[in-house]
1. Has the stretch 83-92 got any residue that is surrounded by 15 or more Cβ atoms within 10 Å (Cβ to Cβ), of a type outside the set (Phe, Trp, Tyr), in contact with a Pro (Cβ under 6 Å, 6 or more places away or on another chain) and closer than 14 Å to ALA193 by Cβ?
2. For the stretch 164-186, give me each residue that is under 20 Å from the mean Cα position of the chain (by Cα) and part of a helix (DSSP H, G or I).
3. Looking at the stretch 28-72, which of its residues are charged (D, E, K, R), over 15 Å from the mean Cα position of the chain (by Cα) and under 22 Å from ARG124 (Cα atoms)?
4. Any residue that is open to solvent by less than 80 Å² (accessible area, probe 1.4 Å), in contact with a Ser or Thr (Cβ under 8 Å, 6 or more places away or on another chain), without any contact (Cβ under 8 Å) to a residue 60 or more places away in the chain and in a helix (DSSP H, G or I) - is there at least one of those in the stretch 101-108?
5. Could you list, in sequence order, all residues of the stretch 135-167 that are under 16 Å from HIS93 (Cα atoms) and open to solvent by 30 Å² or more (accessible area, probe 1.4 Å)?
6. From the list VAL105, VAL99, VAL115, exactly one residue is in contact with a His (Cβ under 8 Å, 6 or more places away or on another chain) and either modelled with pLDDT of 85 or more or among the polar types (S, T, N, Q) (or both). Which is it?
7. Under 8 Å between Cβ atoms, at least 6 apart or on separate chains: pull out the pairs that start in the stretch 29-49 with a residue that is in contact (Cβ under 8 Å) with a residue 60 or more places away in the chain and end on any residue that is of a type outside the set (A, V, I, L, M, F, W, C) and assigned to a helix (DSSP H, G or I).
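The values are calculated or read from the model by the stated rules, or taken from the named source; none is laboratory data. Treat the numbers as computed from the prediction; the structure is a model and nothing was measured. Positions of Cβ are backbone-derived with ideal geometry, glycine not excepted, and every protein chain shown enters the neighbour counts. Surface areas here come from the heavy atoms of the whole protein model, side chains and all, with no ligands, DNA or RNA. Shrake-Rupley method; radii C 1.70, N 1.55, O 1.52, S 1.80 Å.
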Amino acid sequence: MTDEHPRVATDKRTAVLDAAIHLVGTEGLRALTHRRVDAMAGVPAGSTSNYFRTRQALVEGVLDRLLEQDRVQLAAIGAALPGDARELEDLMHGYVMFVTGDDLVRTRARFAMFVEAMATPELRAGVETRRSELREWIGTVLAGLGVDDSATAARVLIDYLDGLILHRCTSHDDGPDPRDGVSRMVRMLLSTAG
């Protein structure tokens with residue numbers, strides 16, 4: 001049992017997880033060790049293992065933290081649902097530019113965790129939960145814009161954005177601004193609106 005104040009422990013735990021996300025996003029999942037996370041977080045040696053006894057527990061903690069951060073972002077975005085095609089295009093384009101720009105390290109960490117989840121059933125459920133939440137939110141937006149089969153359209157849009165983001169994260173050539181492609185995809189999906 002620790003003598004630390006619970007708030008301090010929670011903040012240190014969050015700092016450890018954020019450092020782990022940075023480590024995975026910059027150096028890959030193989031670089032994720034308790035010792036490396038301690039060093040990156042600037043916490044005393046052994047701190048990470050106090051929170052996450054095994055590497056698997058640390059990996060699960062990283063995924064949980066990523067999903068928690070995604071939910072916070074989605075809730076912030078969801079407060080102002082797009083009201084027309086142009087607003088949806090702007091939102092999707094802004095999202096792509098953010099996750100492949102300022103949030104690139106976290107995006108790379110997320111993709112690394114998603115790949116790991118395909119080989120780790122314990123992680124797969126968390127990934128599927130996040131995908132379901134995102135599909136549901138996009139489906140709600142598309143239904144609000146009159147798309148008949150909003151669930152299928154949401155899946156198509158998310159798959160397109162995932163591919164675009166993956167390309168921008170892994171290619172030395174980002175290519176042209178993705179706005180035109182995003183706009184075309186949104187317009188195509190909204191053309192099915194009733």
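1. Within the stretch 83-92 (the criterion being surrounded by 15 or more Cβ atoms within 10 Å (Cβ to Cβ), of a type outside the set (Phe, Trp, Tyr), in contact with a Pro (Cβ under 6 Å, 6 or more places away or on another chain) and closer than 14 Å to ALA193 by Cβ), the answer is yes, since at least one residue qualifies.
2. LEU164, ILE165, LEU166, HIS167, ARG168, CYS169, THR170, VAL182, listed by residue number.
3. ARG30, ARG53, ARG55, listed by residue number.
4. No.
5. Selection gives VAL156, ASP159, TYR160, ASP162, GLY163, LEU164, LEU166, HIS167.
6. VAL105
7. That search, which allows pairs on different chains as well, returns LEU29/GLU116.
Conditions tested, residue by residue: (1) buried (at least 19 other Cβ atoms within 10 Å of the Cβ); (2) under 16 Å from PHE114 (Cα atoms); (3) touching a helix residue (DSSP H, G or I) at 6+ places or on another chain (Cβ under 8 Å); (4) modelled with pLDDT of 95 or more.
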position	(1), (2), (3), (4)
MET1	no, no, no, no
GLU4	no, no, yes, no
THR10	no, no, no, no
THR14	no, no, yes, no
VAL24	yes, yes, yes, yes
ARG30	no, yes, no, no
HIS34	yes, no, yes, yes
